[in-house]
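The values are calculated or read from the model by the stated rules, or taken from the named source; none is laboratory data. Just so it is clear, the structure is predicted and the values come from calculations on it, not from any experiment. Counting neighbours? That spans all protein chains shown, and the Cβs are built from the backbone with ideal geometry, glycine included. Areas reflect the complete protein model, heavy atoms only, side chains present, ligands, DNA and RNA absent. Shrake-Rupley method; radii C 1.70, N 1.55, O 1.52, S 1.80 Å.
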Amino acid sequence: MLSYKTLLDDATKQLYEQSDTPRIDAEVLMQHVLGQGIAWLISYGDTIASAEHTKEFYELVGQREKGKPIAYLTGSRDFWTLSLGVDENVLIPRPDTETLVEAALDHLPIRSELTILDLGTGSGAIALSIAKEHPQAKVVAVEYQQGALEVAKANAVKNNIENVEFVLSDWFSNIDPKIRFDLIASNPPYVEPGDPHLDQGDLRFEPITALTAEENGLADIRNIIENAANYLVADGVLVIEHGYNQADAVASLFKENKYNDVQLFKDINDLPRCTLGRLKDRPN
């Protein structure tokens, strides 16, 4: 008969070679199994573990040992002020993308009736974060994959956010061309096919179509920048997440397409992470 603390110690050793944070991984998985927080483990860790909990815990630890992301094992990930459900249909929301949310929020007009578009919403992280901060705004979240769109819809319900419309669309293809948005945001695929990072860590398990793009990772970014002008109001804002080594190329695309006030924002690791531009004059 083993205690929960003993199970944690054993799992930490089991995950030592696979994970950079074996103890944290073990604790998160145990909290998921128990439905209890870390305070419970600290206070009651000497309690003898049930056979059911032991079995479920070691099954999860075994999957983690093979590299499966913690977020997919627990089915959730915190982002901004939200708790988001995630599965293999969507990318795992990362703190880096909160840089984009913050930039978007800081550059929205100061008025209640806002229209916002999130392209490639995935789990809904960007759209739902902005929508929660601006409950009077109309937010449209676009996704190409039906499975991912269902995850985003479920996250809206989970977080009691009602001002988001979900649209199945290949970028702008199913967006009403008569609608004009104050802000368009996107975290599109931007990893170059064949990048060695795709064979490392969590990326091995995440949907490849949400990660990679042709033209050295710039194909979808180019598409969005070139077409967004047709959907923005005058003085509207476009903000796009990109790779740390793509900042100059993305800034050039913004300027080539007549965006002004082009700004670069760095993530929590002080790496270039997203670029914003303002459309002063709408195209004819």
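Starting from the range 137-152, take each residue that is open to solvent by 80 Å² or more (accessible area, probe 1.4 Å) and list its partners that are not aromatic (Phe, Trp, Tyr), counting only C-beta distances under 6 angstrom and pairs at least six apart or across chains.
Between residues of the range 137-152 that are open to solvent by 80 Å² or more (accessible area, probe 1.4 Å) and residues that are not aromatic (Phe, Trp, Tyr), the close pairs are Lys138/Thr115; Tyr144/Asp170.
Of Glu65, Glu98, which residue is surrounded by 15 or more Cβ atoms within 10 Å (Cβ to Cβ), among the charged types (D, E, K, R) and modelled with pLDDT under 95?
That would be Glu65, the only listed residue that is surrounded by 15 or more Cβ atoms within 10 Å (Cβ to Cβ), among the charged types (D, E, K, R) and modelled with pLDDT under 95.
Limited to the range 37-51, what total is found for residues that are without any contact (Cβ under 8 Å) to a residue 40 or more places away in the chain, touching a helix residue (DSSP H, G or I) at 6+ places or on another chain (Cβ under 9 Å) and open to solvent by 80 Å² or more (accessible area, probe 1.4 Å)? Step through it out loud before you land on a result.
Let us first name the residues in the range 37-51 that are without any contact (Cβ under 8 Å) to a residue 40 or more places away in the chain, namely 37-43, 50-51.
Going one step further and asking which of them are touching a helix residue (DSSP H, G or I) at 6+ places or on another chain (Cβ under 9 Å), we end up with 37-38, 40-41.
Narrowing further to those that are open to solvent by 80 Å² or more (accessible area, probe 1.4 Å): none.
The total comes to 0.
With the condition kept exactly as written, say whether any residue in the range 214-227 is charged (D, E, K, R), under 21 Å from the mean Cα position of the chain (by Cα) and at pLDDT 95 or above. Break it down stepwise before answering.
Just the residues of the range 214-227 that are charged (D, E, K, R), to begin with: 214-215, 220, 222, 226.
When the remaining residues are screened for being under 21 Å from the mean Cα position of the chain (by Cα), the result is 214, 220, 222.
Going one step further and asking which of them are at pLDDT 95 or above, we end up with 220, 222.
There is at least one residue in the range 214-227 that is charged (D, E, K, R), under 21 Å from the mean Cα position of the chain (by Cα) and at pLDDT 95 or above.
Restricting the search to the range 90-118, which residues are within 30 Å of Tyr72 (Cα to Cα) and more than 12 Å from the chain's Cα centre (by Cα)?
We begin by selecting, within the range 90-118, every residue within 30 Å of Tyr72 (Cα to Cα); these are 90-105, 116-118.
Scanning the range 90-118 gives Glu102, Ala103, Ala104, Leu105, Ile116, Leu117.
Do the conditions hold for Leu91, that is, is it closer than 22 Å to Ile268 by Cα, open to solvent by 20 Å² or more (accessible area, probe 1.4 Å), in contact (Cβ under 8 Å) with a residue 12 or more places away in the chain and not small (Gly, Ala, Ser)? Before the answer, list the steps.
On the way: closer than 22 Å to Ile268 by Cα: yes; open to solvent by 20 Å² or more (accessible area, probe 1.4 Å): yes; in contact (Cβ under 8 Å) with a residue 12 or more places away in the chain: yes; not small (Gly, Ala, Ser): yes.
In short, yes.
Just a yes or no: is a residue in the range 14-32 more than 32 Å from the chain's Cα centre (by Cα) and either at negative phi or open to solvent by 70 Å² or more (accessible area, probe 1.4 Å) (or both)?
There is no residue in the range 14-32 that is more than 32 Å from the chain's Cα centre (by Cα) and either at negative phi or open to solvent by 70 Å² or more (accessible area, probe 1.4 Å) (or both).
Taking the stated definitions as given, is Tyr58 of a type in the set (Phe, Trp, Tyr) and open to solvent by 70 Å² or more (accessible area, probe 1.4 Å)?
no
Within the range 105-124, which residues are open to solvent by 10 Å² or more (accessible area, probe 1.4 Å), of a type in the set (Gly, Ala, Ser) and within 23 Å of Asp220 (Cα to Cα)?
Gly120, Gly122
From the list Asp199, Asp182, pick out the single residue that is modelled with pLDDT under 95 and either of a type in the set (D, E, K, R) or under 20 Å from Ile92 (Cα atoms) (or both).
Exactly one residue qualifies, and that residue is Asp199.
Enumerate the pairs (first residue in the range 108-127 and over 17 Å from Arg180 (Cα atoms); second residue anywhere and of a type in the set (Lys, Arg)) with beta-carbon separation below 8 Å, excluding pairs fewer than 6 apart on the same chain, so at least 6 apart or on different chains.
Qualifying pairs under 8 Å: Ser123/Arg77; Gly124/Lys153.
What are the residues in the range 1-36 that are within 24 Å of Arg77 (Cβ to Cβ), touching a residue at least 40 places away in the same chain (Cβ under 8 Å) and among the hydrophobic types (A, V, I, L, M, F, W, C), if any?
Leu7, Ala11, Leu15, Val28, Leu29
Would you say Phe79 is surrounded by 14 or more Cβ atoms within 10 Å (Cβ to Cβ) and touching a Pro at 6+ places or on another chain (Cβ under 7 Å)? Let's see the steps before the verdict.
Numbers: surrounded by 14 or more Cβ atoms within 10 Å (Cβ to Cβ): yes; touching a Pro at 6+ places or on another chain (Cβ under 7 Å): yes.
Criteria met by Phe79.
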